Amino acid sequence: MTPCERLNIGAALWAAGDALQRASARRDFPDADDDEINFRLAVTRYGAELARKALPKIMTPASDVFALLRGALEAARVRYAIGGSWASTAFGEPRFTNDVDILAEFTAENIARFLARLPETFFADAGGNPADRFASAGRST
């Protein structure tokens with residue numbers, strides 16, 4: 001099995017775990033709307049204080065965000081690597097944190113293609129081209 005296939009299995013496992021947590025929350029709080037369910041899941045995953053401070057009105061599962069980022073990276077022909085728990089899962093040691101670690105090799109040529117392929121729901125810093133900032137700091141991209 002290739003690492004990409006393992007990664008897809010890891011994404012499916014994460015989505016299944018998320019679905020189980022949502023089903024449990026719906027069982028415990030049958031009258032809750034989607035926003036309340038999202039909040040209760042955030043409290044379980046991150047703690048009450050962080051959930052109250054950081055929970056956006058609409059949460060997107062990490063597996064969905066990863067699929068969008070991966071699609072934009074591949075369409076823009078950006079070299080990238082997956083790290084952290086997703087890479088660990090792809091190579092045989094399942095770990096389920098609620099984040100995705102991505103290392104991308106952006107250049108002056110591919111950054112605009114990548115940003116153009118991100119959905120409008122993503123935030124991209126308008127403070128200039130990141131590749132230019134790396135170059136001005138004496139680092140290669």
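The values are calculated or read from the model by the stated rules, or taken from the named source; none is laboratory data. From a predicted model like this one, the values you see are computed outputs, not experimental measurements. A quick note on method: Cβ atoms are made from the backbone with ideal geometry, for glycine too, and the neighbour counts reach across all protein chains shown.
Residue 25 meets all of the listed conditions (1) in contact with a helix residue (DSSP H, G or I) (Cβ under 6 Å, 6 or more places away or on another chain); (2) free of Cβ contacts under 8 Å to residues at least 12 places away in the same chain; (3) small (Gly, Ala, Ser) but one, namely (2). Residue 76 falls short of the stated requirement of being modelled with pLDDT of 85 or more, small (Gly, Ala, Ser) and in contact with a strand residue (DSSP E or B) (Cβ under 9 Å, 6 or more places away or on another chain). Scanning the stretch 60-81 for residues that are in contact (Cβ under 8 Å) with a residue 40 or more places away in the chain and of a type in the set (Ser, Thr, Tyr) yields 60, 63.
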